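Colleague: Quick one: the structure is below, and I'll ask about it shortly.
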4 protein chains.
Amino acid sequence: MSKLHLNEEEADDSQKGINKASKGGIIYGDYLQLDKVVTAQVLQSELKGNKIHDEHLFIVTHQAYELWFKQILWELDSVREIFISGHVRDERNMLKVNTRIHRIVVIFRLLVDQFSVLETMTALDFYDFREYLSPASGFQSLQFRLLENKIGVPDNLRVPYNRRHYRDNFKGHESEMLLSSEKEPCLLKLVEKWLERTPGLEGDGFNFWKKLEANIFEGLCLEKKKIVKMPDTEEKEEMMEELTKQKELFTSLFDIKRHEHLLSKGERRISYKALQGALMIYFYREEPRFQVPFQLLSNLMDIDTLMTKWRYNHVCMVHRMIGSKAGTGGSSGYHYLRSTVSDRYKVFVDLFNLATFLIPRHWMPKLDPNEHTFLFTAEYCDSSYCSSEDSD
Amino acid sequence: MSKLHLNEEEADDSQKGINKASKGGIIYGDYLQLDKVVTAQVLQSELKGNKIHDEHLFIVTHQAYELWFKQILWELDSVREIFISGHVRDERNMLKVNTRIHRIVVIFRLLVDQFSVLETMTALDFYDFREYLSPASGFQSLQFRLLENKIGVPDNLRVPYNRRHYRDNFKGHESEMLLSSEKEPCLLKLVEKWLERTPGLEGDGFNFWKKLEANIFEGLCLEKKKIVKMPDTEEKEEMMEELTKQKELFTSLFDIKRHEHLLSKGERRISYKALQGALMIYFYREEPRFQVPFQLLSNLMDIDTLMTKWRYNHVCMVHRMIGSKAGTGGSSGYHYLRSTVSDRYKVFVDLFNLATFLIPRHWMPKLDPNEHTFLFTAEYCDSSYCSSEDSD
Amino acid sequence: MSKLHLNEEEADDSQKGINKASKGGIIYGDYLQLDKVVTAQVLQSELKGNKIHDEHLFIVTHQAYELWFKQILWELDSVREIFISGHVRDERNMLKVNTRIHRIVVIFRLLVDQFSVLETMTALDFYDFREYLSPASGFQSLQFRLLENKIGVPDNLRVPYNRRHYRDNFKGHESEMLLSSEKEPCLLKLVEKWLERTPGLEGDGFNFWKKLEANIFEGLCLEKKKIVKMPDTEEKEEMMEELTKQKELFTSLFDIKRHEHLLSKGERRISYKALQGALMIYFYREEPRFQVPFQLLSNLMDIDTLMTKWRYNHVCMVHRMIGSKAGTGGSSGYHYLRSTVSDRYKVFVDLFNLATFLIPRHWMPKLDPNEHTFLFTAEYCDSSYCSSEDSD
Amino acid sequence: MSKLHLNEEEADDSQKGINKASKGGIIYGDYLQLDKVVTAQVLQSELKGNKIHDEHLFIVTHQAYELWFKQILWELDSVREIFISGHVRDERNMLKVNTRIHRIVVIFRLLVDQFSVLETMTALDFYDFREYLSPASGFQSLQFRLLENKIGVPDNLRVPYNRRHYRDNFKGHESEMLLSSEKEPCLLKLVEKWLERTPGLEGDGFNFWKKLEANIFEGLCLEKKKIVKMPDTEEKEEMMEELTKQKELFTSLFDIKRHEHLLSKGERRISYKALQGALMIYFYREEPRFQVPFQLLSNLMDIDTLMTKWRYNHVCMVHRMIGSKAGTGGSSGYHYLRSTVSDRYKVFVDLFNLATFLIPRHWMPKLDPNEHTFLFTAEYCDSSYCSSEDSD
């Protein structure tokens, strides 16, 4: 017998509540302003006298994207505020920062999946109404550009859009918002400042960088001695070659001039000091004070990866919808979008590239918890300086 | 070297477009009415002077749900219209019906995943603003109730909400919309009518049901003879028992009285004839004319399964957010929602239960493509009768 | 022009590697023992002379589940080992514990999604080979039972299977493994011990529980005074009623006898002290020392939720595949599985139910970072006591 | 009160089964050969005396990929067999073909999601054991290369791997399997043959291509006349330009020489006739006989898109794990993989590019169901010619 009827206890439990809705106060639809949200679907095709069923899906999907972009901006602004205000110095705020950055990750994951819905529309269905949309184009999404700026996509690495600066595609007020978002400190720059303050970098303290350099070159030297003693074989030759490569690699790591050069070319994006901080956190991620910072760095990479996956999914969908024709905004569509799926749009590219500089655990400078207590003791700020964000 | 710069060809391809945005016409933000959609986030906590960060997520998530509910209703109404108008008789419309039903499936799959975003909010974060929401409650979602009614959740199987009829929780206009949605033919009833017309059921034609009954009982009879001849063992006894069960099962299938009885109890939901049609489509799903109808039945089951998974995910989230306390609408929250995750809310439960009546392939009545051409030849309607849905 | 050809730089970068495969050493297929893994698909239907295409999918899907179960057990055992050995006292190990528990979460999320693959098989396709599988049944998955035991599903809350103890369905060696897994400390019990040691609970220290009790009843008292002063209205009456309920709720929280009673009934699962620890971590989750422990508690709830979603997805699939008939193992299939989707199988149910006892922030006992330094200073163990897990 | 105890009816329903496991016959673990599958995890790091926890995840993940690759090959081979044997001419087999191709889509979707599990391992965790794996490399996955070949990745468009032919990275027996898979008809070629037979293309029948050409150029001509009559404005000029582009585009479509040229360059992959068939199915997808073929074309595009997403996800993971260093197989890792995420690896690229040639509905050659009955009447083969695949 199938289970259709509740037993008494269930029936009882499920009806215990008091019906508060009759008592006044706000109700669901008003709270969510559904009169605005679910009435905002006006089909251009219908206005032009040729209602096309699938245009509704097109509208709703893009509105859902914009809703989520708004939420991402909300989280992003709150995190940036914590950094800007200096509240981040009170390490009690790290959970908040990390949670909100992680929430952005989860939202982006949803946004990548969300393409599956629009993909139920075929190129032929889209063709029936796409002319009505011209010249509206996803390129004109203000929120998406703000989001890119606030995370840290640099103006000078942007692919131009139809040979024009991206900002020229927006009207006065919006263009100003974009300009101002470029001038505000972006997440990348704020994280950079924070990394520069990583405990353990102090020259008069643990002096991580100097110790690391010494250890690495000592390690390489020992390795060389071992190889030299080997009988002459092809294998020995290869190992020596490999060692030479390694030495070059690490020499470059400790060469600040080279760093500045890569910075100027856009191949690195954060300061030399910040890079050191990131590597310090990587190597000592298990120390109590670095556990959450390490998660934060991972989450920042996740954002980068997911944004790039989002772009790639977008490219795939566009290829399917319009082949290699121009988009509704007149852009070269597929080719323009494809050019944005590249490392130039990866903001935290340095965090990825640090994987190139990993070393054996025994080369890492030793930490003694009795001596280096700074990794076990968090900092806080007194309330006069770091007042809680939400309370004011 | 990392790939930061486009080669010439790429640079060229990505800039070929004409910038149409400057030429007038609709632009992205206006098209999507973003002035309404992304300004509809008003935090009650902020109005009450205690802005809580996470309330924004709560609002956006629910608005995203409502947007997608609107889209589901859009698809559902269009499909129901094709059935109601009789256009479904022109089998050219089956692709449209199936595609739109499948789109609902894909949307529901997204909605199930979408819980992951709200789950980034902890019970403690929710506690900080939940009192401001009272008595608003998800129970008051008009669109979700419409959706249930239009698919076919029957009024008399609904779990009461705080001992009141679900419709009493809505205001005048909304209550009327709900009542009228109950009176309109729901998807279940429309599918039932369509199944009743399944080719092959005609008593003066292929007469599937009669042939099937004969074959099954002949098959069981042969089986019995085989078993009887076996030496007396425990295994024989068990096989005989099993056979008896089988016989009872199939006897019940061909007993229209029993069907009417189960209908009256809500354990079956479609007519006896429709049940026969569904089984005919199941068994002959590979015949050209049944391929798409079979997909349709599968998609209907998917909708049911996903709605029920959505409900279950909702239950899990509520358990996490408020434990076993009352919800913001005063409902007994967790327990109320848990009671809705049951077969009583499964609309197409008959399609699932048909799996109980499967038979070996050689028991199925044989079809000869030369004789039974109806399974190879689709029907259409002349244009005067079945004019295209979108053109009028 | 579409992009088919690499530019020179790309062509160069993509070919820089040395081909090491020719130099000896392990290769991919041997490393993964693919000779075992991808040759283990033997179709019973084929052995019985009636090869059914879809049986291959059935086998591969279940093997994939078992592979992931093995991985979950691997993580689970390593985490349990850290707790059992006392390494958890060195807070440097918390990142490891949390990361591995989180990995289990991610795997379970995949396993829930993985049903989508098996759902491409219809009931009719399954019918064609299901008789060949009898009496094999998913109920006989040793690894899944081990996993339940090691997380902490208690023996006495298990739903019997065909009126027999679950262990009686396994053969000698397997039955012993199950028994021994029941005797080893499960994750629930280890987490309980760890929670009991939460800093801040000490009676001669911060004494969280006593302070909390005092604050709550003082808070309720003040509230009462406020209400009493109000003019007599229906609203006042309701508020008073609500207050009374609150008082009862919190009185029960501080009643150890009631806790013991609920424990004995299985409605609570962890000790009174552990419950206090969990609430302490909930309330002070932003303190540096509790940030990762709080994430851990969230991840444990995620495991519970996902296991229960996995069960529910399983139920849905079974309903679709076999209706309400018996499963291949002879179990009552659908109904048995449905009965396991209940709170009795939720291991960390206490963590969910704590949401019932949340309070306004100003009722929480105040912490002064100058005085209560224990929340800013992590503990470590010297190496003689807490040697690194992986090195021995 | 929480729901821990079953009511009587539930308790009854869940225990109704007979315990067949005690009766002999195959059991779960033997059926799935778990003795092989879950014992195939041997850690190289452990063999070398330095057991690294995360290597287990690395192994299990790759084994899970290989299991699913095996399933994809199983489906792929069965579909190719239906095409090769000519069974596809019996349109009753289209459901089977479409269902299995769709199953591959669903599996690939899972495989894309599956990266989330491996992404729980950080670059630092990987570093600890990656040297032990050398020179094993994912590049050596035989099944993945077979899969590419059987779908239709052409040998001459493959990116070389460390300047060597991909097949040279495999040992004798495997290399032969690869060579033979290149020689067998791949899915692309089989679909091409099938498309060439699309009903409606016959020169002495409906003659779709000739009718289409006539309609398009007539349509363009009418458009031109309309534009010419407009007053001279910038808009007129632009419309005329646009029209000229359109004319060029369609002139190229009907130019078989150009098609042959693009074929030779690898920018098109299917014959001119097959291209016509695909466009015929696109335009008349709602006709009963084309509904399932249209779904099939969509599913083939899905496979392409998902394979390319899989590749892109792989690139992202590798970037994260090893930065821009060489992979374990000595490949240039990141850069090699990145070069495979391009249209050259898209097999069904023609189906995407057809979106470039869409036209207004009123330009499509008219079909009259009374006259053109071929779109309503499916074909079958008599049993002597097309015996059911599974029965022999």
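The values are calculated or read from the model by the stated rules, or taken from the named source; none is laboratory data. The structure presented is a predicted model; accordingly, all values stated were derived computationally and were not measured. All Cβ positions, glycine included, derive from the backbone under ideal geometry; neighbour counts span all protein chains shown. What goes into the accessible areas is simple: the full protein's heavy atoms, side chains included, and nothing from ligands, DNA or RNA. Shrake-Rupley method; radii C 1.70, N 1.55, O 1.52, S 1.80 Å.
Colleague: For segment B:144-165, give me each residue that is more than 15 Å from the chain's Cα centre (by Cα) and within 22 Å of B:D304 (Cα to Cα).
Modeller: Residues of segment B:144-165 more than 15 Å from the chain's Cα centre (by Cα): B:155-165.
Within segment B:144-165, B:D155, B:N156, B:L157, B:R158, B:V159, B:P160, B:Y161 qualify.
Colleague: If I ask for residues that are open to solvent by 10 Å² or more (accessible area, probe 1.4 Å) and within 16 Å of the chain's Cα centre (by Cα), which ones from segment C:107-118 would you list?
Modeller: Passing the criteria: C:R109, C:V112.
Colleague: Does segment C:67-90 contain at least one residue that is at pLDDT 90 or above and touching a Ser or Thr at 6+ places or on another chain (Cβ under 6 Å)?
Modeller: Checking segment C:67-90: not a single residue is at pLDDT 90 or above and touching a Ser or Thr at 6+ places or on another chain (Cβ under 6 Å).
Colleague: For segment A:267-283, give me each residue that is among the hydroxyl-bearing types (S, T, Y) and in a helix (DSSP H, G or I).
Modeller: The answer is A:Y272, A:Y282.
Colleague: Given the criteria under 22 Å from the mean Cα position of the chain (by Cα), open to solvent by 10 Å² or more (accessible area, probe 1.4 Å) and within 30 Å of B:M239 (Cβ to Cβ), does C:R338 qualify?
Modeller: So C:R338 passes the test.
Colleague: Here's a follow-up. Tell me, please, whether a residue that is at pLDDT below 95 and outside any helix (DSSP H, G or I) can be found in segment C:207-220.
Modeller: Of segment C:207-220, the ones at pLDDT below 95 are none.
No, because not a single residue in segment C:207-220 is at pLDDT below 95 and outside any helix (DSSP H, G or I).
Colleague: I'd like to verify a number: residues in segment B:166-187 that are more than 20 Å from the chain's Cα centre (by Cα) and within 16 Å of B:S141 (Cβ to Cβ), how many?
Modeller: 10
Colleague: Quick check on segment D:320-338: of everything there that is modelled with pLDDT of 75 or more and at the interface with chain A (Cβ under 8 Å from one of its Cβ atoms), which residue is nearest to A:D128 (Cα to Cα)?
Modeller: Filtering segment D:320-338 for residues that are modelled with pLDDT of 75 or more and at the interface with chain A (Cβ under 8 Å from one of its Cβ atoms), the one nearest to A:D128 (Cα to Cα) comes out as D:R320.
Colleague: Restricting attention to segment B:345-361, which residues are open to solvent by 20 Å² or more (accessible area, probe 1.4 Å) and of a type in the set (K, R)?
Modeller: The one that is open to solvent by 20 Å² or more (accessible area, probe 1.4 Å) and of a type in the set (K, R): B:R361.
Colleague: I've got another one for you. Pick from B:L190, B:L124: which is without any contact (Cβ under 8 Å) to a residue 12 or more places away in the chain and surrounded by 16 or more Cβ atoms within 10 Å (Cβ to Cβ)?
Modeller: B:L124
Colleague: Considering only residues that are open to solvent by less than 20 Å² (accessible area, probe 1.4 Å) and of a type in the set (A, V, I, L, M), look in segment A:128-150 and name the one that is farthest from B:T39 (Cα to Cα).
Modeller: For segment A:128-150, the residue satisfying everything is A:L133.
Colleague: A further question follows. Out of the residues in segment C:339-353 meeting the condition of being touching a helix residue (DSSP H, G or I) at 6+ places or on another chain (Cβ under 7 Å) and within 7 Å of another protein chain (Cβ to nearest Cβ), tell me which one is modelled with the highest pLDDT.
Modeller: Let us first name the residues in segment C:339-353 that are touching a helix residue (DSSP H, G or I) at 6+ places or on another chain (Cβ under 7 Å), namely C:339-341, C:343-352.
Then drop every residue that is not within 7 Å of another protein chain (Cβ to nearest Cβ), which leaves C:339, C:343-344, C:352.
Values: C:S339: 78, C:D343: 77, C:R344: 79, C:F352: 94.
Within segment C:339-353, the match that is modelled with the highest pLDDT is C:F352.
Colleague: Looking at segment C:185-206, which of its residues are within 17 Å of C:V79 (Cβ to Cβ) and of a type in the set (D, E, K, R)?
Modeller: Within segment C:185-206, C:K189, C:E192, C:K193, C:R197 meet the criteria.
Colleague: How many residues are assigned to a loop (DSSP other than H, G, I, E, B), at pLDDT 90 or above and farther than 26 Å from A:E192 by Cβ when one looks only at segment A:354-379?
Modeller: Final tally of qualifying residues: 2.
Colleague: Here is a further query. Can you confirm whether segment B:80-97 contains a residue that is outside any helix (DSSP H, G or I) and surrounded by 22 or more Cβ atoms within 10 Å (Cβ to Cβ)? It would help to see each step written out before you state the result.
Modeller: First, the residues of segment B:80-97 that are outside any helix (DSSP H, G or I): B:85-86, B:90.
Next cut, surrounded by 22 or more Cβ atoms within 10 Å (Cβ to Cβ) only: B:90.
The answer is yes; a qualifying residue exists.
Colleague: Could I ask something else about it? Just checking, does segment A:161-170 include any residue being open to solvent by 50 Å² or more (accessible area, probe 1.4 Å) and basic (K, R)? Lay out the reasoning, then the answer.
Modeller: We begin by selecting, within segment A:161-170, every residue open to solvent by 50 Å² or more (accessible area, probe 1.4 Å); these are A:163-165, A:168.
Imposing the further condition that a residue be basic (K, R) reduces the set to A:163-164.
Yes: segment A:161-170 contains one or more residues that are open to solvent by 50 Å² or more (accessible area, probe 1.4 Å) and basic (K, R).
Colleague: B:Y385 is checked against (1) modelled with pLDDT under 85; (2) touching an Asp or Glu at 6+ places or on another chain (Cβ under 8 Å) and fails just one. What number does that condition carry?
Modeller: Unmet condition: (2).
Colleague: Hey, could you check segment B:239-272 for residues that are open to solvent by 80 Å² or more (accessible area, probe 1.4 Å) and in contact with a Phe, Trp or Tyr (Cβ under 9 Å, 6 or more places away or on another chain) and say which is nearest to B:N215 (Cα to Cα)?
Modeller: B:K247
Colleague: I'd like the full set of residues that are more than 7 Å from every other protein chain (Cβ to nearest Cβ) and of a type in the set (S, T, Y), limited to segment C:354-364.
Modeller: none
Colleague: Return yes or no: is C:E184 of a type outside the set (A, V, I, L, M) and either crowded, with 17+ Cβ neighbours inside 10 Å or farther than 29 Å from C:S298 by Cβ (or both)?
Modeller: Considered against the rule, which asks whether it is of a type outside the set (A, V, I, L, M) and either crowded, with 17+ Cβ neighbours inside 10 Å or farther than 29 Å from C:S298 by Cβ (or both), C:E184 comes out as no.
Colleague: Something else: Name the residues in segment B:32-49 that are assigned to a loop (DSSP other than H, G, I, E, B) and open to solvent by less than 60 Å² (accessible area, probe 1.4 Å), would you?
Modeller: Selection gives B:L32, B:Q33, B:V38, B:A40, B:Q41, B:V42, B:L43.
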